[in-house]
Amino acid sequence: MPFTRRHFTPPSLRLRTFLRANRFFLIGVLLLLLGFLYLVVTNQQGDELIAINQLRTPTYDRIFIAGTRLGEPIAYIIVLILLLTYRVRTAIFSVVTGVTVGIVTGLLKIYFAQARPMRYFFDNFEETWHSLNLFEEPMRNWGYSSFPSGHSASAFALYSFVCFNIRRPKIAISILCFLLAAEVAFSRMYLLYHFLRDVTAGAFLGLLIAIAMFFLQWKIFPESKVLNDGLWWSRKRELPPVEENVTPDQPV
């Protein structure tokens, strides 16, 4: 028996409509980024990591080690499967979003080649490095790929894209997506993988990519029923045959 989706109406692609529909999420993200940017400008690099590091506990370790995976490919796979039941077009472009983030952040990391916090503190402030609550060696990153934060860009791109595409319940979805993305960003600092500047740049980059992908997805075969339908939505119900007894008209 075939599977079908209920009637779907493509969204308006006017910028004003987009901003109004996603105002709760966008306002939350912009306020978060402005707060981050203020701290970046008014504090010395690394101060925020030192402060966050003092909060380290075994419980927080488990929360943020698990939470940072919300910005990794496993999160995209889960979202892909869920979106396939909603709209194939959106599911495909969630993957395109992830690939785009990976390519862009990878190139920027190579270009800027900034030291990770572990390397930065050890090379420049060894006394501070020894005072940190360090994680075990397998979790330490000594490389030069700190800027921007790939996980933060990935999380904000993924959850922004999901939020933009889901219409109802809009406020609940906006809050959930905001918290998931913010959790990943904070986890990257808690785990001593990125500075606040890296997370801020990554989050902003991810937001821009998500906005671009939301509009781009409707430029390719916008009327395609296959792309606009979801899989496994609901079984098509066949109406039972109607039996009528046809009799000749009776004269009045």
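Read the figures in this text as sums done on the coordinates, not as results from a lab. Note that the structure is a prediction, hence the values are computed from the model and not measured. Because the Cβ atoms are built from the backbone with ideal geometry, glycine has one as well, and the counts that use them run over all protein chains shown.
Using Cα springs under 10 Å in a Gaussian network model of the chain, which residue among H194, H130, H151 shows the largest mean-square fluctuation?
Top of the fluctuation ranking is H130.
Go ahead and estimate [θ] at 222 nm for the chain from helices alone: -39,500 (n - 2.57) per DSSP H run with n ≥ 4, summed, over the residue count, rounded to 500.
Dividing the helical sum by the residues of the chain leaves -20000 deg cm²/dmol.
As an exercise, identify the GluC sites (Glu not before Pro) in segment 106-164 lying in DSSP coil whose Cβ has no more than 10 other Cβ atoms within 10 Å.
The qualifying sites are E136.
Compute the longest continuous run of the chain that contains no exposed trypsin sites (Lys or Arg not before Pro); treat a site as exposed when its DSSP state is not H, G, I, E or B and it has at most 15 other Cβ atoms within 10 Å.
Within the chain, the longest run free of exposed trypsin sites (Lys or Arg not before Pro) spans 15-166.
Based on alpha-carbon positions alone, could you give the equivalent ellipsoid semi-axes of segment 99-189 from the gyration tensor, as √(5λ), descending, whole Å?
Over the Cα atoms of segment 99-189, the ellipsoid semi-axes are 32, 17, 8 Å.
Give, in whole angstrom and from largest to smallest, the semi-axes √(5λ) of the equivalent ellipsoid of segment 20-235, with λ running over the eigenvalues of the Cα gyration tensor.
Values for segment 20-235, descending: 34, 16, 16 Å.
For the Cα atoms of the chain, what angle does the longest principal axis make with the long axis of helix 23-42, in degrees from 0 to 90, nearest 10?
Here the helix axis deviates by roughly 10 degrees.
Calculate how steeply helix 88-112 sits against the longest principal axis of the alpha-carbon atoms of the chain, using the helix alpha-carbon long axis, and give the answer as 0 to 90 degrees to the nearest 10.
Around 20 degrees separate the two axes.
Could you please state, rounded to a whole Å, how far the C-alpha centre of segment 141-172 is from the C-alpha centre of segment 86-109?
Segment 141-172 and segment 86-109 have Cα centres separated by 10 Å.
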